[in-house]
C-alpha cells in the first residue's frame, strides 16, 4: 500500500478501540470524502487551544473554565473528580450546581502515584480561601479511588469542612441479581430511610 | 463541554463505526497524548498527496502506481476491481502477479450508475493496446457485481481476450474485503472462465 495511506492506517490504529479493520474502513471513508478529513484535521488542530482551568483543572480555552466563571454556580461546594472528562457526565445529571476540582489522577501505589502527584494542595487551599462548606468525592469505588478518598478525608477533616462521597448502590433500572456482591453490600450499608 | 472538544467529538462521530462513546474515548486519549493527535493530523494532511494511477486507477502518489511501474509484473493479465482499496487485499494473497484495473464502482440501476459512469472504455483500450490475454473479474458476487460482470463480458469477448471471474469461495453477500487471505487466494486460483 502507498506510504500516505500506510501512515494514516498506522495513526488510526493507535487510537483506542480502533483495530486494523476499523482503521481501513475509516481511511477509505476519508479518501472517498476528503472534506471529512479536513474537518477532522481542523478539529485536531483545535486541541492546541485547550488548556486547563487555573482554578479547578477542568478543560478551558482561556483562563478559568466556564463553570468557575459562572456566577450562578453555588460557591460553597466542591465536587472532586480524578479527570476533567468526568465533569460533563456529572453535569448531565442536572443534580449539581457547585464547582469542581480535578485531581489529575488517583493515588496508586502500584504505579508510584502518591498524593503529592495530585492537585491536593490546591484543593486544600481552595477549601480554606473560598469558605467551602462541603467537598463531595466523586471517585471510582475501587481500590485506588478508596485510597484517594481516605487520604483526602484526612487532609480535609481538620479544616472543618463536610466531606461526602457519591452513594454506592444498584444502578437505576437494573435487576438486584445483576449487581455484584460488593455493590450489593455497599447498597445495604448505605440504605436510605423511606 | 468546551468548543474545541465539541468540534473534535463531532468530527470523530462522523467516522464510520465511531459512536459518541468511542469518540469521547478517542478525544480524551488525544488530549492525554497530544503527540498522537499531531501524528494523526500529519497523516490526514498526507491524504492530499494521494492521487489515482493514470493507467489503472489504483492509489498512487505521483504518476503511475507502484504496480503499473513494476517491470516484474506479468503484463498480459488484468484483474478488474470496483475500488482501489480492494487491490491490497488481492496483493496479500501472493497469488496474482499481473496488473489491475479499477472501475470506480459497479453498475447499479437503482443508484443510476451505468457502465458509462465506470472506467470501462479505458479497460477496453488497455486490452487492445497492451495485448492482454486474460481479464480476471474480481467483483462482488452480488447483483451489482454480476450485472457489471455481464456487461464487461459482452464488451470484452469480441476482443478475443479470455475473461474469468473469481471462484466461488467468497461468502455470497459479503464484501470482498471481509474474505480472509486464504479464501481470496483460492478464489483467485480457482477462477472460472466465462
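The values are calculated or read from the model by the stated rules, or taken from the named source; none is laboratory data. Bear in mind that the values here come from a model prediction, so they are computed numbers and not experimental data. Because the Cβ atoms are built from the backbone with ideal geometry, glycine has one as well, and the counts that use them run over all protein chains shown.
Assorted remarks:
- Residues being in a loop (DSSP other than H, G, I, E, B), within 14 Å of chain B (Cβ to nearest Cβ) and surrounded by 17 or more Cβ atoms within 10 Å (Cβ to Cβ) - total across the range A:78-103: 1
- Flag for residue A:132 being in contact with a strand residue (DSSP E or B) (Cβ under 7 Å, 6 or more places away or on another chain) and either in contact (Cβ under 8 Å) with a residue 40 or more places away in the chain or over 17 Å from residue B:1 (Cα atoms) (or both): yes
- Yes/no for residue A:4 being under 24 Å from the mean Cα position of the chain (by Cα) and either outside any strand (DSSP E or B) or in the same structural domain as residue A:102 (by TED's automatic domain parsing) (or both): no
- Sole exception among (1) out of contact with any strand residue (DSSP E or B) (no Cβ under 7 Å at 6 or more places or on another chain); (2) more than 25 Å from residue A:172 (Cβ to Cβ) for residue A:89, by number: (2)
- Residues of the range B:23-34 satisfying the condition of being at the interface with chain A (Cβ under 8 Å from one of its Cβ atoms) and either farther than 18 Å from residue B:10 by Cα or within 22 Å of the chain's Cα centre (by Cα) (or both): B:34
Per-residue answers, yes or no, for (1) touching a helix residue (DSSP H, G or I) at 6+ places or on another chain (Cβ under 8 Å); (2) within 12 Å of chain B (Cβ to nearest Cβ); (3) touching a residue at least 12 places away in the same chain (Cβ under 8 Å):
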{"residue": "A:36", "(1), (2), (3)": "yes, yes, no"}
{"residue": "A:60", "(1), (2), (3)": "yes, yes, no"}
{"residue": "A:65", "(1), (2), (3)": "no, yes, yes"}
{"residue": "A:73", "(1), (2), (3)": "yes, no, yes"}
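- Failed item in (1) under 30 Å from residue B:149 (Cβ atoms); (2) without any contact (Cβ under 8 Å) to a residue 12 or more places away in the chain, with residue B:41 passing the rest: (1)
- Restricting the range A:7-22 to residues that are surrounded by 16 or more Cβ atoms within 10 Å (Cβ to Cβ) and not in a loop (DSSP other than H, G, I, E, B), the residue that is farthest from the other protein chains (Cβ to nearest Cβ): A:13
- Looking across the range A:42-58, the residues that are surrounded by 15 or more Cβ atoms within 10 Å (Cβ to Cβ), on the phi < 0 side of the Ramachandran plot and more than 12 Å from chain B (Cβ to nearest Cβ) come down to A:55, A:56.
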